[in-house]
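Right, one structure below, let's go through it.
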Amino acid sequence: MTGGAETPTARMRKALHRVRTSVRKAGVDYFRGDGSDWLALSALLLSVPALAIGTIAEPEWCAPAALVLPIVAGGLLLRPASLLGLYAAAATALIVESAVLDPYAYGADRVTPGTILVVAAVGFLGLLIAQFRSRVGVPWRRGGTMLFDLRERIRVQSKLPKLPRGWHREMALRPAGGQSFSGDFVVAARTNAGRTLEVVLTDVSGKGMDAASRALLLSGAFGGLLGSLPPHSFLPAANGYLLRQDWDEGFATSVHLVLDLDSGDYELFSAGHVPGLHLSAGSGRWEEMAAEGPLLGVYDGAEFHSVKGRLRPGDVLMLFTDGLVETAERELTEGMDRLTGEADRYVTTGFAGAAWHLIEAVAKDVNDDRALLLICRDRRD
C-alpha cells in the first residue's frame with residue numbers, strides 16, 4: 001500500500017466529519033433564518049392529512065376548522081412560496097372532508113361555508129405575515145432575538161465605568177409606557193489615563209421603540225467619538241454626524257460632562273439639554289448648571305459653550321433628561337423643584353440606590369423616556 005492511499009477507516013471518518021459539519025451548518029442557518037424551510041414544510045404537510053383523517057373518524061373531537069392549526073404555524077415558519085403549497089394541501093383536505101361528510105347535515109360532522117371562510121381568512125392573514133417577513137428579511141425565529149439583542153446592546157453601552165475610591169456613580173433609565181426600549185442613553189469612558197471621567201447623556205427625539213433604533217446607532221457613534229476627540233470638539237462632531245444622517249426627525253439633546261477625578265473640577269457642555277443640578281454640601285443648596293448650545297442635528301457650524309464647577313467632598317451632581325422634570329401639565333422649573341425636594345431626602349443617608357427611587361417619586365407615570373445620572377463625591381472622614 002502506497003503512502004498516499006487512504007484506509008477505508010480514514011475515508012469513513014472524513015465522510016462522517018463532512019456530514020456532521022453539514023448538519024451543524026444547516027441547523028445554524030435554520031435558526032438564523034438563512035436555511036431551507038423544507039423540514040417545517042414536510043412536517044406541516046404530514047399534519048394536514050392526519051387532521052383530515054381525524055376529522056372523518058372523530059369529527060366531534062377533531063373539527064374541520066382544525067386545519068387552521070398548520071396554516072397558522074405555516075404563516076410563522078414558511079416562506080410565501082412554500083406556504084402556497086401548504087394551502088393547496090389544506091384546500092384538498094377540505095374538499096375530501098366535504099365529500100366524505102355530509103355538508104348539509106346537522107351536527108359536528110360537516111364542512112360548512114363558515115368553516116371554509118375561517119380557514120381561508122386565517123390562510124390569507126398568514127400569507128400577509130409571511131410576505132411582510134420576507135420583505136423585511138427577518139424570520140420569526142430571529143425577530144425576538146434581534147429585539148433582545150438591541151435592548152441588551154443599549155443597556156451594556158449605558159454602563160458607567162468604575163470610579164476610584166471616594167466617588168459614587170449610578171444611572172437609572174425608564175422607557176416610556178413600560179417598554180424595554182428608550183430614546184435616552186448614556187455613553188461614558190475614563191480618559192486621560194483614567195484620571196478623567198467623560199459622560200454623555202443624550203435624549204433622542206421621539207420615545208420608546210420609535211427612537212430605540214436611532215438611539216442604538218447614536219450610542220455606538222458617540223461611544224467611538226468619546227475620548228477620541230478633545231472635550232470641546234465632541235459635541236460639534238456629534239452634531240455633524242446627526243446632520244449627515246438626514247433623518248426626518250433627526251435632532252437630539254445632549255449633555256457632556258468632563259470630570260477630573262483627582263481635583264473634582266468639571267466642565268459641562270450642553271446641546272439644548274436641560275440644566276444639571278449641583279448640590280453643595282457646604283450650603284445644602286442646589287445650583288442649576290446651565291451650559292449654552294443648540295440642539296444636535298439642526299444646523300451646521302453650531303457652537304457649544306461650557307459651564308465649569310467643582311465637586312467637593314459631599315457634593316452631588318445630577319444630570320437628567322427632560323422627561324423626568326417636564327410634562328404637558330408641569331413646567332420645567334416646577335419639575336426641577338420637585339426633583340430637588342425629593343433628592344434632599346437622601347442628603348443625610350447618602351445617594352446609593354437613589355436614582356431609581358427618584359424617578360419613581362418624581363415621574364413614575366409619565367409617558368416619556370426618563371433618565372437620571374448621579375455623580376457623588378464622598379465626604380472625607
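The values are calculated or read from the model by the stated rules, or taken from the named source; none is laboratory data. Since we're looking at a predicted model, the values are computed, not measured. Cβ sites come from the backbone with ideal geometry, for glycine too, and all protein chains shown count toward neighbours. In case anyone asks, the SASA skips ligands and DNA or RNA and just uses the protein heavy atoms, side chains included. Shrake-Rupley method; radii C 1.70, N 1.55, O 1.52, S 1.80 Å.
Looking for something buried (at least 22 other Cβ atoms within 10 Å of the Cβ) and either assigned to a loop (DSSP other than H, G, I, E, B) or out of contact with any helix residue (DSSP H, G or I) (no Cβ under 7 Å at 6 or more places or on another chain) (or both) - is there at least one such residue anywhere in segment 221-229? Among the residues of segment 221-229, not one is buried (at least 22 other Cβ atoms within 10 Å of the Cβ) and either assigned to a loop (DSSP other than H, G, I, E, B) or out of contact with any helix residue (DSSP H, G or I) (no Cβ under 7 Å at 6 or more places or on another chain) (or both), which makes the answer no.
Condition check: modelled with pLDDT of 90 or more and open to solvent by less than 60 Å² (accessible area, probe 1.4 Å). Does Ala363 satisfy that?
Values: modelled with pLDDT of 90 or more: no; open to solvent by less than 60 Å² (accessible area, probe 1.4 Å): yes.
So Ala363 fails the test.
Results for (1) under 34 Å from the mean Cα position of the chain (by Cα); (2) within 17 Å of Val200 (Cα to Cα), shown as yes or no for each residue.
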{"residue": "Ala281", "(1), (2)": "no, no"}
{"residue": "Glu287", "(1), (2)": "no, no"}
{"residue": "Ala290", "(1), (2)": "yes, yes"}
{"residue": "Gly293", "(1), (2)": "yes, yes"}
{"residue": "Leu296", "(1), (2)": "yes, yes"}
{"residue": "Gly301", "(1), (2)": "yes, no"}
{"residue": "Pro313", "(1), (2)": "no, no"}
{"residue": "Leu319", "(1), (2)": "yes, yes"}
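One residue is enough: does segment 337-344 have a residue meeting the conditions among the hydroxyl-bearing types (Ser, Thr, Tyr) and part of a loop (DSSP other than H, G, I, E, B)? So far as segment 337-344 goes, no, none of its residues is among the hydroxyl-bearing types (Ser, Thr, Tyr) and part of a loop (DSSP other than H, G, I, E, B).
Name the single residue, out of those in segment 366-381 being part of a loop (DSSP other than H, G, I, E, B) and open to solvent by less than 40 Å² (accessible area, probe 1.4 Å), that is farthest from Gly323 (Cα to Cα). Full working, then the answer.
Residues of segment 366-381 part of a loop (DSSP other than H, G, I, E, B): 366-369, 378-381.
Narrowing further to those that are open to solvent by less than 40 Å² (accessible area, probe 1.4 Å): 366, 369.
Numbers: Val366: 7, Asp369: 6 Å.
Checking each candidate, the answer is Val366.
Can you say whether Ala66 is within 12 Å of Val119 (Cβ to Cβ) and either open to solvent by less than 40 Å² (accessible area, probe 1.4 Å) or touching a strand residue (DSSP E or B) at 6+ places or on another chain (Cβ under 9 Å) (or both), as far as the supplied structure shows? It is true that Ala66 is within 12 Å of Val119 (Cβ to Cβ) and either open to solvent by less than 40 Å² (accessible area, probe 1.4 Å) or touching a strand residue (DSSP E or B) at 6+ places or on another chain (Cβ under 9 Å) (or both). Can you pull out the residues in segment 101-122 that are at pLDDT 65 or above and exposed (fewer than 13 other Cβ atoms within 10 Å of the Cβ)? Selection gives Asp102, Pro113, Gly114, Leu117, Ala121.
Take the residues of segment 51-63 that are among the aliphatic types (A, V, I, L, M) and open to solvent by 60 Å² or more (accessible area, probe 1.4 Å): which is farthest from Val119 (Cα to Cα)?
The initial filter retains those residues of segment 51-63 that are among the aliphatic types (A, V, I, L, M), namely 51-53, 56-57, 63.
Still in the list and also open to solvent by 60 Å² or more (accessible area, probe 1.4 Å): 53, 56-57.
Values: Ile53: 17, Ile56: 17, Ala57: 20 Å.
For segment 51-63, the residue satisfying everything is Ala57.
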